[in-house]
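The values are calculated or read from the model by the stated rules, or taken from the named source; none is laboratory data. Here the structure is a predicted model, which is why all the values come from computation and not from measurement. Here the Cβ is made from the backbone with ideal geometry for all residues, glycine too, and neighbour counts use every protein chain on show.
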């Protein structure tokens, strides 16, 4: 799986994540274009924080990214960056495979994947 974590994002993640924590990245239905990325820090796996069907899909230094099977197909080509801007700051997710995005850039749809209409994926 091809995931890139830019230098600014890596610095922020390394400063905020405790040893043994993981970054959970998921794709959810939502936004104007149909899909959005969601990310959260999760505790050490010994605490049972990994959900059924999740696995580590990318490791960069001490940063480990986990995701579920349904989200994994949307993560190939993902670039994670960080912005400290007052408006739209935080982790920024872009994907080279993006077909369409909404005007604010918060949601997307990928080329070759089912279209999302009315909150449900259409094959």
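Taking each residue of region 20-38 that is on the phi > 0 side of the Ramachandran plot and looking for partners that are at pLDDT 75 or above and not in a strand (DSSP E or B) with beta-carbon atoms closer than 7 Å, six or more apart or interchain, yields nothing. Among the residues of region 48-64, are any modelled with pLDDT under 90 and surrounded by 18 or more Cβ atoms within 10 Å (Cβ to Cβ)? Checking region 48-64: at least one residue is modelled with pLDDT under 90 and surrounded by 18 or more Cβ atoms within 10 Å (Cβ to Cβ). Restricting attention to region 65-85, the residues being exposed (fewer than 12 other Cβ atoms within 10 Å of the Cβ) and either assigned to a strand (DSSP E or B) or touching a strand residue (DSSP E or B) at 6+ places or on another chain (Cβ under 9 Å) (or both) number 2. Looking only at residues in region 30-40 that are more than 16 Å from residue 75 (Cβ to Cβ) and surrounded by fewer than 17 Cβ atoms within 10 Å (Cβ to Cβ), which one is modelled with the lowest pLDDT? So the residue we want is 32.
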